[in-house]
1. Please find, in a Gaussian network model of the chain (springs between Cα atoms separated by less than 10 Å), the residue of LEU92, LEU153, LEU74 whose mean-square fluctuation is greatest.
2. Could you go through segment 15-21 in sequence order and give the Karplus-derived ³J(HN,Hα) for each residue, using 6.51 cos²θ - 1.76 cosθ + 1.60 with θ = phi - 60°, rounded to whole Hz, and x for Gly and Pro?
3. Based on Cβ point charges of +1 for Lys and Arg and -1 for Asp and Glu, what charge dipole magnitude is obtained for segment 5-215 about its Cα centre, in debye rounded to the nearest 20?
4. Student exercise: in the chain, how many lysine pairs 8 or more apart or on different chains have Cα atoms under 19 Å apart?
5. Please list the non-local residues whose amide H lies under 5 Å from the amide H of TYR34, H modeled 1.01 Å from N, same-chain partners needing a gap of 5 or more.
6. Got a sec? Charge dipole of the chain, +1 on Cβ for Lys and Arg, -1 for Asp and Glu; which of ILE117, ASN14, LEU185 is way out at the positive end?
7. Would you give the gap between the C-alpha center of segment 11-45 and the C-alpha center of segment 64-138, rounded to a whole Å?
8. State the label only: which of [x] 0.95; [y] 1.69; [z] 1.02 corresponds to Rg/Rh (Cα atoms, Kirkwood Rh) computed from the shown model?
Amino acid sequence: MRHFVSTRIWHWINLIAIVVLFMSGLNISNAHPYLYWGDWGFSPTQAWLAVPRFPGWMTIPDYYSLAKARDWHLLMAFPFAFGLLGMWIAMLWNGHFRRDIKTTRREWRWSAIRADIAKHLQFDFTHGEGKYNFLQKIAYGAVFGVLLPGMVLTGLAISPGMEPSLWWLVDIFGGRQSARSLHFLCAWGIFGFFVVHVVLVLLSGPVGQLRAMILGGDHQPTNPPFARPAKSEGESA
């Protein structure tokens with residue numbers, strides 16, 4: 001598959017930004033590892049989740065420092081947010097969203113969804129027509145439309161000093177503590193997508209995938225040796 005230059009540049013900048021944001025965010029979480037709903041919360045008995053304390057090898061910096069973790073977080077927040085905005089503009093401008101991510105009514109038929117799930121379970125990553133299959137479109141749509149924007153908006157809502165001017169955004173999320181909880185959930189949702197994404201890249205031909213994302217060349221995913229071979233034309237199911 002061929003990737004636009006804008007997609008390739010954003011992909012690698014966003015990867016660096018997300019890694020730093022996630023690891024510095026774990027350090028920030030260690031300052032108060034409890035999550036609440038509503039406008040306020042402090043006591044562990046009021047929390048809906050007690051977050052485990054993360055070890056130094058998972059955090060930036062690799063020792064507890066709320067001030068330095070916030071500095072790293074703020075440093076990467078700008079390329080993350082403006083990069084996402086630029087990517088959305090590029091996707092709408094060059095047709096990438098309409099052509100490759102937008103789903104069709106036919107793809108939402110249960111028979112088509114079931115067939116797509118069955119192919120993934122058989123480690124069949126060929127796509128046929130189009131760059132992405134239905135499950136990939138749903139995953140990328142959720143990331144671009146929900147998780148990444150959710151990180152930006154909830155991050156603004158919980159940023160120190162921003163609440164007086166963005167009180168309406170805080171109210172939309174149901175309070176500052178609700179925004180903080182949603183920020184946490186979006187972060188781990190992105191982490192889950194990252195893990196699945198890396199696994200699928202490794203299973204579908206990592207050399208070709210990396211070459212396509214770096215150089216922009218065409219690459220059609222190949223099936224791993226343990227995948228069920230495709231049936232030839234006319235072969236019974």
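1. LEU92
2. So the J values, rounded to whole Hz, are 4, 4, 4, 5, 4, 5, 4.
3. It comes to approximately 580 debye.
4. Counting lysine pairs in the chain gives 5.
5. VAL51
6. Going by the Cα projections, it comes out as ILE117.
7. When both Cα centres are located, 23 Å separates them.
8. [z]
Every number here is computed from the coordinates shown, using simple stated rules; none is lab data. Here the structure is a predicted model, which means the values were calculated and not measured. Using ideal geometry, Cβ is built from the backbone for each residue, glycine included, and neighbour counts are taken over all protein chains shown.
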